[in-house]
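Presented below is the structure to which this report refers.
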Amino acid sequence: MKTSNENNILLSDEQKLAIANTFVAALKNNDWENMCSVLSPDATWTLPGISLLSGLASGAEAIVKRVQNLKQFGVNFNLKHILIGLNGFTLALHNTAQREELILDEEVAIVFEVMNEKIVSMATYLSDVAGINRFFIPGIID
């Protein structure tokens with residue numbers, strides 16, 4: 001069975017879940033090579049807001065760099081759910097971090113589109129865009 005894009009074979013729910021679990025394990029273990037193994041070389045990731053990390057990250061290397069920057073800012077990722085869709089999956093997360101009196105505490109959904117067994121796009125939805133604008137500022141990480 002094929003989607004409207006004749007070159008994209010529909011993945012099973014198990015295959016999508018395996019890709020999601022690989023991404024999550026790589027995130028937890030700082031395993032950037034494994035993370036790249038499930039990313040298309042030209043994958044994209046959008047993050048709302050006007051913070052240092054907001055906007056478009058284009059390419060697997062840029063996506064890994066964004067994840068590394070999030071970790072450098074001290075963000076703790078608490079996976080709540082992996083939600084499976086027709087063309088990908090969504091990670092429902094509760095992200096927290098603290099820097100002095102400044103607290104980041106937000107609900108996050110990252111929607112992943114998968115094509116030909118690779119993540120081709122990621123779009124982040126946040127409960128507190130103003131919070132990331134205050135938290136992810138220049139001069140905090142290298």
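The values are calculated or read from the model by the stated rules, or taken from the named source; none is laboratory data. None of the values given here were measured: they were computed from a predicted structure. Every residue, glycine among them, receives a Cβ derived from its backbone with ideal geometry; neighbour counts consider all protein chains shown.
Assorted remarks:
- The listed residue being without any contact (Cβ under 8 Å) to a residue 40 or more places away in the chain, outside any helix (DSSP H, G or I), among the polar types (S, T, N, Q) and farther than 23 Å from Gly139 by Cβ, out of Thr96, Thr22, Thr90: Thr90
- Looking only at the range 25-42, and only at residues there that are small (Gly, Ala, Ser) and part of a helix (DSSP H, G or I), the one that is surrounded by the fewest Cβ atoms within 10 Å (Cβ to Cβ): Ala25
- For the range 5-55, a residue qualifies if it is of a type in the set (Val, Ile, Thr) and touching a helix residue (DSSP H, G or I) at 6+ places or on another chain (Cβ under 9 Å), and the qualifying residues are Thr22, Val38, Thr44, Ile50.
For every residue, the table says whether it meets (1) under 14 Å from the mean Cα position of the chain (by Cα); (2) under 25 Å from Lys16 (Cα atoms); (3) modelled with pLDDT of 95 or more.
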residue	(1), (2), (3)
Ala26	yes, yes, yes
Met35	yes, yes, yes
Asp42	no, yes, yes
Gly49	no, no, yes
Val64	yes, yes, yes
Ala92	yes, yes, yes
Asn95	yes, yes, yes
Glu113	yes, yes, yes
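- Flag if Leu53 is in contact (Cβ under 8 Å) with a residue 24 or more places away in the chain and not in a strand (DSSP E or B): yes
- Residues that are in contact (Cβ under 8 Å) with a residue 12 or more places away in the chain and under 15 Å from the mean Cα position of the chain (by Cα), drawn from the range 73-82: Val75, Asn76, Phe77, Asn78, Leu79, Lys80, Ile82
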